[in-house]
1. Can you name every residue in segment 224-234 that is more than 16 Å from ligand 2 (Cβ to nearest atom) and open to solvent by less than 30 Å² (accessible area, probe 1.4 Å)?
2. Give segment 118-161 a look and list any residue that's over 30 Å from A191 (Cβ atoms) and not basic (K, R), or say none.
3. Going by the conditions given, is A286 closer than 18 Å to P395 by Cβ, modelled with pLDDT of 90 or more and assigned by TED's automatic domain parsing to the domain that holds E414?
4. If I filter segment 224-264 down to residues being away from ligand 1 (no atom under 16 Å from the Cβ) and among the charged types (D, E, K, R), which single residue comes out as nearest to N428 (Cα to Cα)?
5. Return the residue satisfying two criteria in turn: it lies in segment 236-283 and is surrounded by fewer than 16 Cβ atoms within 10 Å (Cβ to Cβ) and polar (S, T, N, Q), and of such residues it is modelled with the highest pLDDT.
6. When you check W352 against the structure, is it open to solvent by 10 Å² or more (accessible area, probe 1.4 Å), out of contact with any Phe, Trp or Tyr (no Cβ under 6 Å at 6 or more places or on another chain) and not in a helix (DSSP H, G or I), yes or no?
7. Could you please find all residues in segment 93-141 being touching a Ser or Thr at 6+ places or on another chain (Cβ under 9 Å) and modelled with pLDDT of 95 or more?
8. For segment 364-386, does any single residue satisfy the condition of being touching a Ser or Thr at 6+ places or on another chain (Cβ under 9 Å), surrounded by 19 or more Cβ atoms within 10 Å (Cβ to Cβ) and within 18 Å of L34 (Cα to Cα)?
Amino acid sequence: MTGTAYAHTSVHDAAAEISKPGRLLVVECEDCGLRQTIPSRVEEGHVDCVRCGALLSKRTTRGIEQAIGLNLAALIVFVLANAFPFITLNLQGRIQDAEIVSAAYALYEDGMWELGLLVFLFAIFLPLLKILGNLYVMIPLHMGFRPPAARQVFRWMEIIHRWAMMEVFLLGVIVGYVKLISLATVIFGIAAFSFVALIMLVVAAETVFEPRTIWERLQPSPSAATLASVDQRELISCHGCGLLNHAPDAHGYCERCDARLHHRKPNGVTRAWALIITALILYFPANIYPVMKLNFAGAKQGATILEGVKELLFGGMWPLALLVFFASVTVPMLKLGGLGFLLVSVQRRSKWHPRERTKIYRIVDAIGRWSMLDIFVLAILVALVRFGSLATITPGTGAISFAAVVVITMIAAESFDPRQIWDAAGANDER
Ligand SMILES: [Zn+2]
Ligand SMILES: [Zn+2]
């Protein structure tokens, strides 16, 4: 079997090939490493891994046209959300308004360019890049050709996916709003409503199609029958696009998306340990030093993350206090503890409930981004509360350590390969 023949098939042939009724594919589960046969087109519900329960494929109700339409609508709404003031603050007749970009810029102005850059990337640039990248690949495919570098572009879309955090930013705006209403009048602008619509459009675009559909249209996977004749040990599942590559010498690049081929993420355990230890060290300054400095009518005061939670709690906002506590304190600890536990279990070659441990990994991986909440709250407060000696909020040194903990633990979770849980338990011994 060799896939080079597929690279020369036209987009129309690819579309015809993948829509053949009863066509079967072999996929390797990304969570446990089990290879299994699934229908190339799921007619109802979803197909889960028979061993670990990971989602392998789902029915996508509509085609690429709807995904293009939703992404185009998202692009228009994105412009509205970023061109107009997001939120306006009225403090004793003095007005301060802020666009989304002001939240990033205010941090930069206050000397924390690293934080400003993170907010800009996660709330503005990467969401926009994702919309543009999707359109760049989907529109030509729909018209019947592959645009230049389509496979590299689409692979990057999947990499940046978890770093686009508009919904976390929105939650940050809500928390910021609640913190400000006791201080001043807060009015949401047209951009805020556009931003909510933008998030809904992006979510809708993600539910009408799955990346596999695009990968198969770029280059169809070999059928299950073709793969049956190949030595299973010579197949490597690509981390980028999920294609099973025939790589007898166990290295090289994926023939569909050009990602480097590895049986498992390279040095996953060592890298994850190094990142966890770094994050653990930074966790202390992140909680000891103030994340923001408040200056109200000359009274200066620093606030750590816990003090921010306490303030919400004593203000009677206990659901929100609980939420911020969960996102800022519990989630980082769960991530560090959970990943540490998984790494130790893999190193000890534990056979204890691999399915449950895989679930722990999925939770750790999914909740990580929500810890950015406090950084977004900070950005919004800093952008809005700038009334000189009357009231000013500036970022504190703890914020940089805190943001570093969030980013480093996210990378640590990404470095770890959950298939090693199953390798260590001896579940993948057949190859
Ligand atoms: Zn699995
Ligand atoms: Zn690939």
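The values are calculated or read from the model by the stated rules, or taken from the named source; none is laboratory data. Just so it is clear, the model here is predicted, and its values are computed rather than measured. Note: ideal-geometry Cβ built from the backbone for every residue, glycine included; neighbour counts use all protein chains shown. The accessibility values were calculated without ligands, DNA or RNA, using every heavy atom of the protein model including side chains. Shrake-Rupley method; radii C 1.70, N 1.55, O 1.52, S 1.80 Å.
1. Correct list: A224, V230.
2. P140, L141, H142, M143, G144, F145, P147, P148, A149, A150, Q152
3. When the stated conditions are applied, A286 passes them.
4. R233
5. T270
6. So W352 passes the test.
7. Answer for segment 93-141, where residues must be touching a Ser or Thr at 6+ places or on another chain (Cβ under 9 Å) and modelled with pLDDT of 95 or more: there is none.
8. Within segment 364-386, none of the residues are touching a Ser or Thr at 6+ places or on another chain (Cβ under 9 Å), surrounded by 19 or more Cβ atoms within 10 Å (Cβ to Cβ) and within 18 Å of L34 (Cα to Cα).
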